[in-house]
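This report refers to the structure that appears directly beneath it.
The values are calculated or read from the model by the stated rules, or taken from the named source; none is laboratory data. As the structure is a computational prediction, the values presented were derived from the model and not from experiment. We place every Cβ from the backbone using ideal geometry, glycine too, and count neighbours over all the protein chains shown. Note: areas computed on protein heavy atoms with side chains; ligands, DNA, RNA excluded. Shrake-Rupley method; radii C 1.70, N 1.55, O 1.52, S 1.80 Å.
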Amino acid sequence: MMYDVIIIGAGPAGSAAAYDLADAGLKVLIIDRVDFPRRKPCAGGLTVKTVNLFRYDISSMIKRQCRCINISMTGMKTANTFGDDILCYMTQREALDAFCLEKSIKKGCVFRVIENIVSIEEKKTQVIIKTPEEIIKTNYLIGSDGVNSIVRRSLVHSVPIKRCFAIEMDVYTKNPFQYHMEFKFIPEKKSYYWLFPRDDHLNIGIYTSSPKHGRTLLNKKNLAQWADYRLNSYTPDSIKGYPLGTGGWRYRVKSDRIFLAGDAAGFCENFFGEGIYHAVKSGQYAAKAIIKALNTGSNAGKEYQKKIRVIQKDLLISHAGSQLFYKFPE
C-alpha cells in the first residue's frame with residue numbers, strides 16, 4: 001500500500017506532524033513499536049509556549065498549574081520565583097501521548113503497531129520500508145522515533161546526536177499541593193535535581209548533561225536521598241532512567257524524502273533537558289514542508305532545513321547558556 005507520508009514514532013513530534021498532514025487531506029500512516037497508552041519516562045513539565053503550540057485543547061491533560069518555582073544551588077540560598085501568570089503546566093506523558101495520537105487518528109491517520117522494521121530504503125520517487133511480513137511504500141518518511149531512532153540509523157549522512165541522561169520516579173505523599181516546582185542545581189556535575197508537583201503525587205528526578213557524571217550520579221541511592229531530603233514520608237513508584245537526544249543544531253537535512261524530528265534529530269535542549277516544545281514544533285515544520293512540496297513541487301528537504309533553523313538557533317543558545325551557567329553559576 002502506498003501512503004503520502006509514513007511517520008515512525010507516535011510521540012509528540014510524530015502526532016504533531018500526523019495531525020497537520022491529515023488536516024491537509026493526506027494519506028498518513030503512523031507506526032510505533034507498542035500500542036498506546038504506553039509507559040513513557042518523562043518529568044511531564046510543559047512550558048506555556050509548548051501548550052500554545054498544540055492545534056487542539058489539551059486542558060484535560062493538565063494535572064497542575066505552577067505559578068511558583070524554587071531554585072537552589074549547593075552553598076546558596078533558595079530563590080523563589082512567583083508569578084500571577086502560569087509558569088509551567090504539569091501533565092503525565094503516558095496520557096498526553098495517547099491523547100495526541102487519538103486526535104491524529106480522528107483526523108484520519110492510520111495507526112499500526114509494528115515491532116520490527118528490517119530496512120528503510122530511499123529511492124528517487126519514494127521510500128520503501130521492509131518489515132518481516134510486508135513492504136510499505138510512501139512518498140515521505142518522518143522519523144520521530146526517539147533517541148535510538150532506526151530512521152536516523154538508516155540515513156547515509158546521519159550525524160550522531162549527543163545523549164544526556166535522567167532518572168526519575170513518581171512519589172505519593174499525603175498533600176502534594178504543599179509542594180512547588182523545584183530545581184536544585186549541582187554545577188560541578190552539570191546536573192540538577194527536580195521536584196514536579198501534580199494533582200495526586202509528585203515526580204522527582206535527577207538530570208545531567210554530562211555522561212561522565214551520569215554514571216555516578218544517576219542511581220537509585222541518590223534518587224532516594226533526594227526524596228528523603230525533600231519529603232517527610234512517601235511511597236516510591238516506578239523508578240525509570242532514560243537518555244535524551246541533544247546536539248540537534250548539527251543536523252543537516254541531506255535527504256529529499258526522509259526527515260528527523262524531536263529527539264531523533266537531537267532537538268532536546270541540553271540545559272534543562274526539555275524536548276516536548278521542539279518535538280511538537282519540528283513535527284509541525286516537517287508537515288508544513290511536505291504539504292508545500294506536494295502542492296507546489298518544491299523540495300521538501302530544503303524547505304524543512306529552512307524551517308528548523310529557528311529550532312537550531314534555540315538549541316545553540318541553550319547550549320551556550322548551559323556552558324556559561326555551569327562555568328559561572330553564581
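Worth a mention:
- Extension gain (nm, one decimal) between residue 94 and residue 327, 0.36 nm per residue minus Cα-Cα: 80.3 nm
- Between helix 220-230 and the chain: long-axis angle, C-alpha atoms, 0 to 90°, nearest 10: 50 degrees
- What a 1.4 Å probe finds exposed on the range 238-330 is 55% carbon and sulfur by accessible area, rounded to a whole percent.
- Potential extension, residue 35-residue 116 segment - 0.36 nm per residue separation minus Cα distance: 27.8 nm
- Dipole axis of the range 111-226 (+1 Lys, Arg; -1 Asp, Glu on Cβ), positive-most option in 177, 136, 149: 149
- Evaluated at q = 0.14, 0.21, 0.27 Å⁻¹, the base-10 log of the normalised Debye intensity for the range 134-203, with identical point scatterers placed on the Cα atoms, takes the values -0.72, -0.95, -1.21.
- 16 Å reach of a label modelled at residue 126, 7 Å along Cα-to-Cβ, counting backbone N of the range 7-40: 7, 27-29
- With every protein chain in place, the range 1-141: carbon and sulfur % of accessible area (1.4 Å): 47 percent
- The share of C-alpha pairs in the range 119-278 whose separation exceeds 25 Å stands at 45 percent.
- Of the cross-linked pairs 220/313; 40/221; 40/123, those separated by over 27 Å at the C-alpha level are 220/313; 40/123.
- ³J(HN,Hα), Karplus 6.51/-1.76/1.60, whole Hz, each residue of the range 51-64, x for Gly, Pro: 4, 5, 6, 5, 7, 9, 6, 10, 4, 5, 8, 7, 9, 5
- Separation of the range 1-47 from the range 120-170 is 13 Å, based on Cα centroids.
- Ratio Rg/Rh [Cα only; Rh per Kirkwood] for the range 238-313: 1.05
- Counting only alpha carbon atoms, the long axis of helix 93-107 and the longest principal axis of the chain meet at about 30°.
- Semi-axis lengths, largest first, of the ellipsoid equivalent to the chain are 36, 21, 18 Å, with √(5λ) applied to each eigenvalue of the Cα gyration tensor.
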